[in-house]
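Some notes on the structure that comes next.
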Amino acid sequence: MRKFESNVQLIKYEVLREVSRFAMEGTLEENYERIPEIIVKGPKPRTRCCIYKERAIMVDRVKLAMGGDKSNPNIIEILEIACDECPINRFTITEACRGCLAHRCSEACPVGAIFHVGQRAYINQEKCIECGRCRDACQYNAVSDVLRPCRGACPTKALTIDTDNRKAVIDDEKCIQCGVCIVQCPFGAIMDKSYVVDVIDLLKTREEKNHHVYAVIAPAIASQFTEAKIGQVVNAIKKLGFHDVVEAALGADMVTLHETHEFVETIEDKKVMTSSCCPAFVGYIKKCYPEFLDRVSTSVSPMIAISKLIKEIDPLAKVVFMGPCTAKKAEIQEPDLKGITDYVLTFEELCAMIDAADINMENCEEDPLNNASFFGRIFARTGGLTEAIKHVIEEEKIEAEFKPISCDGIAECDKALKIAKVGRLQGNFIEGMACKGGCIGGAASLHRGPKDKRQVDNYGKLAIEKGIKDSLRVFDIEKIDLHREHTK
């Protein structure tokens, strides 16, 4: 039995597994409406008030697992029927209210939403604008602030509440697709759209259309399938029908060289440069710090770099990236990158596909995976990129001063950018990772924890090629264009 961090993740897995199973059998069209009843058998509900509501929610989950609303480019969507259990009123007066004479809470309220009855203060929720001034004014901390988890987690304030003050709404213009709201919603009312059906169709028609379908696995995979060795995971992926499995870490090696040389050539003019491998971090700069766009490295991400290399070597290639990141699904849709990486699967989706195909990884043979360096593999965790650039600087004996700031999570990224904005940053390179821990803490990880970093480091130590140039020596990477403009 697989272990999951929560019932939310378990239910999502079950939906993806059943969608994958029917897609592999070629019977999804006639059976997708049965999936809610297959998962919620009844007669008693598993998590909600009744099986009918659970099944209605499951219908929406199935739709997203099958690709969701194609007209909506946003990867993250709200399951409206599931979004109804959070507290409606953000601020309330608690029993800690002492009925003081000062009435600082009502004096601070700009809309007159606070009134007093007897010795107690109360909030007229029809008037409240959730500014929080009453909370700040109360000397007894008697004002409770219950911010919905999704809103509290969103770094760009892309989540708001509708006019009825009940359902969450995503502002697509502000959303950076990081997926933190998916992880934080306790009711599983937010979900990412899936390409799992498209990938299965690609695999089923590969011979007919003469495609070689490559799986590109993110190095964070080393911390995910703990019940099997990495070679067994590779073998299981090939059993799904993939032509070969390639490490995204090899793309990380390519990006490190490009980014290091760019840093050396441009840092005198830029003063501060930021990394570009995390699409959510780059998206955050675009939406919140657009004045820094010319400071973002022009290097493509490792996913794009390795996809370009694969297609340069094999003209029949189709590339499917597999990782812990929801933002990668949005990255492949960007106009200047579209068609380079064909599809993105998350580790959750890969797990569901393997189980749907009844592949037991523990019984699989081990296939080798030795085409990236130690430094490319540790890109999966915060600080990995910084260590890789230091390695290149030392190996090439570059004299440029490299003073990196490694930011673990979007809050640290924001702090570094704010300081840089006023010219007080004690460094000249910002390594930005939107998720805590780096990619190993991605929204679509099977699990997250301190041991994941150790597992990635151990995976890096298994690399035959210890140096970045050693891993790339057999490839003519000069042919690969690793440059893009983020200002476009």
Cα centroid separation, segment 306-340 to segment 398-475 (Å): 21 Å
Orientation-averaged projected area, Cα convex hull of segment 197-479 (nm²): 14.3 nm²
In nm, spacing of pseudo-spin labels at LYS418 and ASP294 (7 Å Cα→C-beta vector): 2.5 nm
Prolate/oblate/rounded call for the chain, Cα gyration tensor, a/c under 1.5 rounded: oblate
Proximal aspartates and glutamates relative to LYS204, as straight alpha-carbon distance under 15 Å, when same-chain residues fewer than 8 apart are discounted: GLU25
Residue among GLY432, ASN7, LEU293 farthest towards the positive dipole end of the chain, charges placed on Cβ: ASN7
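Figure the gain on full extension for ILE129 and GLU268 (residue separation times 0.36 nm, minus the Cα-Cα span) and round it to one decimal in nm.
Working: separation 139, 0.36 × 139 = 50.04 nm, distance 4.70 nm.
My answer for the length gained is 45.3 nm.
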Three-way shape label, segment 91-145, alpha-carbon gyration tensor, a/c 1.5: rounded
Given 16 as the ceiling on other Cβ atoms within 10 Å, longest exposed-site-free region of the chain for chymotrypsin sites (Phe, Trp or Tyr not before Pro) in DSSP loops: 141-474
For segment 89-217: relative contact order, % (alpha-carbon pairs under 8 angstrom, 6 or more apart): 19 percent
Projected-area average for segment 233-368 over all orientations - Cα convex hull basis, square nanometres: 9.6 nm²
Additional length obtainable on full extension of the chain from GLN426 to THR160, 0.36 nm per residue less Cα span: 92.2 nm
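Order these by the 10 Å Cβ neighbour count, fewest first: LEU202, LEU316.
Ordered from fewest to most neighbouring Cβ atoms within 10 Å, LEU202, LEU316 come out as LEU316, LEU202.
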Coil-residue GluC sites (Glu not before Pro) of segment 391-488, DSSP, other Cβ within 10 Å capped at 11: GLU399, GLU401, GLU485
Relative contact order [Cα under 8 Å, 6+ residues apart], segment 377-488, whole percent: 28 percent
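With the cut-off at 1.5 for a/c, could you classify segment 140-284 from its C-alpha gyration tensor as rounded, prolate or oblate?
Values: a/c = 2.21, a/b = 1.33, b/c = 1.66.
Oblate, since a/c reaches 1.5 and b/c is not below a/b.
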Distance in nm between pseudo-label sites at ALA102 and GLU401 (7 Å out along the Cβ direction from Cα): 4.9 nm
Whole-Å distance, taken between Cα centres, linking segment 19-69 and segment 344-365: 20 Å
Proxy reagent accessibility, fewest Cβ within 10 Å first, across HIS483, HIS243: HIS483, HIS243
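Give the order of ASP136, ASP452 when sorted by the count of other beta carbons within 10 angstrom, beginning with the fewest.
On the way: ASP136 12, ASP452 24.
Final ranking by Cβ density, sparse to dense: ASP136, ASP452.
Going down the table (LYS12/LYS239; LYS12/LYS193; LYS238/LYS318; LYS308/LYS328; LYS209/LYS329; LYS271/LYS415), which pairs top 19 Å between alpha carbons? Don't skip to the end; give the middle numbers.
Values: LYS12/LYS239 23 Å; LYS12/LYS193 11 Å; LYS238/LYS318 14 Å; LYS308/LYS328 16 Å; LYS209/LYS329 24 Å; LYS271/LYS415 17 Å.
Listed pairs above 19 Å: LYS12/LYS239; LYS209/LYS329.
Equivalent-ellipsoid semi-axes (√(5λ), Cα gyration tensor) for segment 1-66, whole Å, largest first? Please list the in-between numbers first.
Working: eigenvalues 74, 45, 19 Å².
Calculated on Cα positions only, the semi-axes equal 19, 15, 10 Å.
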Kirkwood Rh (inverse of mean 1/r, distinct Cα pairs), segment 322-390, angstrom: 14.9 Å
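What is the gain in length, in nm to one decimal, between ASN89 and LYS338 on full extension, counting 0.36 nm per residue of separation less the C-alpha to C-alpha distance?
Stretched out fully, the ASN89 to LYS338 stretch lengthens by 85.4 nm.
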Hits among aspartates and glutamates - C-alpha to C-alpha of LYS157 under 12 Å, sequence gap 8 or more where chains match: ASP171, ASP172, GLU173
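Across segment 433-474, how many lysine pairs separated by 8 or more positions, or lying on different chains, have Cα atoms within less than 19 Å?
Values: LYS436/LYS451; LYS436/LYS453; LYS451/LYS461; LYS453/LYS461; LYS453/LYS466; LYS461/LYS469.
Value for segment 433-474: 6.
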Cβ charges +1 (Lys, Arg) and -1 (Asp, Glu), total dipole of the chain, debye: 1760 debye
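Could you work out the relative contact order of the chain? I mean the mean sequence separation of Cα pairs under 8 Å and 6+ apart, divided by the number of residues, in percent. Before the final figure, lay out the partial values.
On the way: 888 pairs, mean separation 85.8, N = 488.
Computed value for the chain: 18 percent relative contact order.
Readers should treat all values here as calculations from the given coordinates under stated rules, not as data from a laboratory. Just so we're clear, the structure is a prediction, and the values are computed from it rather than from any experiment. Cβ coordinates were reconstructed from backbone atoms using ideal geometry, including for glycine residues, and neighbour counts include every protein chain displayed.
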